[in-house]
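To start, the structure under review is shown below, and the notes come after it.
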Amino acid sequence: MEKIMKLVMVAILVFGAWDVEATVRVVTTTPDLAAIVRDIGGDFVVVKSIARGNQDPHYVQAKPSFMRTMNQADLLIYTGLELEVGWLPLLIQGARNPKIRPGALGHLDASVGIKRLEIPDGKLDRSMGDVHPEGNPHYMLDPRNGLIVGQTIADKLSQIDPENAEGYQKNLALFQKKLQAKIEMWEARLRGLQGKQIVTYHKLWEYLTDWLHLKIVSQVENKPGIPPSPRHVAELVVRMKANDIILLLSSDYSAPKPAERVAQQAGAKLIVLPASVGGREGIETYADLFEVIVSQLASGL
Amino acid sequence: MKILFCFLLVLWAATPARSQSSTATGTSSAFNPAISVNGLFLGYYQSDLLMREPVFGHEHEGEEIELAGEHGHGLADETGLHVQEVEVRFTSIVDAYFKADMVIAIPGTEGVELEEATIATTHLPNIIFKTGKFYGDFGKHNLLHTHAFPFLDSPLINERILGGEGLNEVGVGASLLLPVSWYSEWNGQVFNGDNALFNSANGNDLAYLGHWKNLWDVNDDATLELGGSYTFGKNEHTKMTQIFGGDLTFKWRSPKPAHYRTFVLQAEYIQARVNDGLDIESVGGFYVLMQYQFARRGWFQARYDVLGLPKIEAERDIRFSGLLALVTSEFSALRLQYNLNREGGRNIQQLAVQLNVTLGAHPAHAY
């Protein structure tokens, strides 16, 4: 009998790759969402992110090992707007966990409550590249959306774990207060950028520029997700020179060479920004991400 | 004015959804399944005729042998231009309990076959049950639809031992996630036993299949998969046919951002033991394949196929394949493949170029 108990204990330990102390086990698709869960969930939760910070979240591989992680989760949180459509459905199906399936309590699309940008008007076809039919999914790059997502997550955690609801709401209040103060500080710091025309590499920075009142004139990638044609690049350079556009934004996970070439030919400054928590060493919280982004943008003033 | 009137009339007629409620019309498309079409178009050359018959001849009365190229899902039978296959797929969540997948295939330009029609459970913890007609969970290659093959054709062991159609039949299955620290999945399936391999004259005989799949993360960027498969049932002589399989796959993808490098090494082994009432015949073989992504849109692949183990070397069929792919987007690829076949002492060459396109809302492919 003792032997059997030992075996059962070993099996439980082996099976439980999760921290058994925590009340709620959360899986997020991106490290940004995981960082906010960490701030709001505190010690009541344990959180794992599927994508890493330096990975393009469009192209994560649906590794079965992620299914195992999700099999044990109480809550799944994802970005939505079809950002993870290439891999998340496979993981949900393979996880065999009814708690996190669409419609279940432990299934949260973080985009609810977000004011979406760039919802396509009219008929779509794939000659337009990787257009997201539900709107641009990179809303986490506006810190004001972090405040909304924080609220969404706190409400969901309170629903799943009502015993600690007070704790979640307290953490949320603190998170929002701190972030709000920083947002005001960042806005003040970058006021000089307002109204400036810029070019970006990919359709990644629409929410950031909406926040900072920057005007995106064009992309180096003329169609999302498709490498730029030489003709488009040549035309872009001419346009940038003619309109005196001297700032080009790219991300750590975009191909560096085309952006470098355009910046060099147009005489513009290229700023390569981290696009996610964990994308660079030292970016551990959602606020850290914007500290780095704001500092880098300030250098373009 | 008349033209304007006609135009307005057409516009009005074309937008009933905005002005009429589907409560009244009953014609809402909101819950239509996701529909996709895969088209495979082929330019093909062969230097001579190739052996296409399955190793275990099983011509039933009134039934034709399923050959790899003719009605199966491999390359064409003669030099020329071909439609290799068109697959139409419908995928949908049925209700709060089930998910459905229907794949209708048109191999070539004629004939329609129900390639897969599966209903799977969605809301049970740790286990998925499914039923319908589906590819048996045997090894790695047998699970793939033609458009997802790593090469333009099937490995010899799949084509000639499991048959041109693969191990695909009406059955039921369960897929269980095992409670261990790595990804470990057990699949048990029961089939009707009325296919190319298991076709006992006694109509009551079923075929059984088990597959154990294991996957480990070597690190964040690489995985190692090890699987074992076993299937058995009664053959046309009402005796036992058993098939054993083993597979090993290593996958790596570069962690560097915008650095499009992927490497896959995969090997699969199949051994069939067929009791024909007089003797037990054993035929096996393996393939080893390598896929390397050397640019965002460029892949180079190589494969080595052997069929006829444990026979002496001279009696084995051997094939070398090389493939170069230009993956223009997630929805189209142009692939060029060369095969050198060594068969019955002859060398036969094949060259094929394939345009592979996906239309519509196709579900993501498994890892």
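Just a yes or no: is a residue in segment B:171-184 part of a helix (DSSP H, G or I), of a type outside the set (G, A, S) and farther than 16 Å from B:N214 by Cα? No, every residue in segment B:171-184 fails to be part of a helix (DSSP H, G or I), of a type outside the set (G, A, S) and farther than 16 Å from B:N214 by Cα. Let me confirm something: among B:A267, B:A272, which residue is touching a helix residue (DSSP H, G or I) at 6+ places or on another chain (Cβ under 6 Å) and closer than 13 Å to B:I157 by Cα? One residue alone meets the criteria, B:A272. Could you tell me whether any residue of segment A:117-135 is more than 10 Å from chain B (Cβ to nearest Cβ) and of a type in the set (K, R)? Yes. The set of residues in segment A:127-143 being surrounded by fewer than 17 Cβ atoms within 10 Å (Cβ to Cβ) and not acidic (D, E) consists of A:S127, A:M128, A:G129, A:P133. In segment A:67-81, the residue that is farthest from the chain's Cα centre (by Cα) out of those that are closer than 23 Å to B:A120 by Cβ and more than 9 Å from chain B (Cβ to nearest Cβ) is A:Q72. If you go through segment A:133-177 and pick out every residue that is among the charged types (D, E, K, R), touching a helix residue (DSSP H, G or I) at 6+ places or on another chain (Cβ under 7 Å) and assigned to a helix (DSSP H, G or I), you end up with 1.
The residues of segment A:70-97 that are more than 22 Å from B:E330 (Cβ to Cβ) and at pLDDT 95 or above, listed by number, are A:M70, A:N71, A:A73, A:D74, A:L75, A:L76, A:I77, A:A95, A:R96, A:N97. In summary, B:G173 fulfils each of the numbered conditions (1) more than 16 Å from B:L206 (Cβ to Cβ); (2) within 14 Å of chain A (Cβ to nearest Cβ); (3) not β-branched (V, I, T) with the single exception of condition (1). With A:G103, A:G86 as the choices, which residue is part of a loop (DSSP other than H, G, I, E, B), on the phi < 0 side of the Ramachandran plot, facing another protein chain (nearest Cβ under 8 Å) and out of contact with any Leu (no Cβ under 9 Å at 6 or more places or on another chain)? One residue alone meets the criteria, A:G86. Number of residues in segment A:45-57 that are more than 10 Å from chain B (Cβ to nearest Cβ) and surrounded by fewer than 21 Cβ atoms within 10 Å (Cβ to Cβ) equals 2. Just to be sure, is A:S229 without any contact (Cβ under 8 Å) to a residue 24 or more places away in the chain, more than 18 Å from A:P143 (Cα to Cα) and within 14 Å of chain B (Cβ to nearest Cβ)? Answer is yes for this residue.
Within the option set A:Q61, A:Q93, being within 10 Å of another protein chain (Cβ to nearest Cβ) and either touching a Gly at 6+ places or on another chain (Cβ under 8 Å) or assigned to a loop (DSSP other than H, G, I, E, B) (or both) holds for one residue only, A:Q61. Just wondering, is there one or more residues in segment A:92-109 that are within 30 Å of A:S229 (Cα to Cα) and within 16 Å of the chain's Cα centre (by Cα)? Looking for residues that are within 30 Å of A:S229 (Cα to Cα) and within 16 Å of the chain's Cα centre (by Cα), one finds none in segment A:92-109, hence no.
If you go through segment B:227-281 one residue at a time, how many are away from every other protein chain (no Cβ under 14 Å), more than 19 Å from B:N202 (Cβ to Cβ) and of a type in the set (S, T, Y)? Result for segment B:227-281: 3. Scanning segment A:75-100 for residues that are buried (at least 20 other Cβ atoms within 10 Å of the Cβ) and within 30 Å of A:G282 (Cβ to Cβ) turns up A:L75, A:L76, A:I77, A:Y78, A:T79, A:G80, A:L81, A:L83, A:E84, A:W87, A:L88, A:L91.
Residues in segment B:75-131 that are acidic (D, E), more than 13 Å from every other protein chain (Cβ to nearest Cβ) and over 19 Å from B:G171 (Cα atoms): 5 in all.
The values are calculated or read from the model by the stated rules, or taken from the named source; none is laboratory data. Keep in mind it's a predicted model, so treat the numbers as computed, not measured. Don't worry about glycine lacking a Cβ; one is built from the backbone with ideal geometry, like all the others, and counts go over all protein chains shown.
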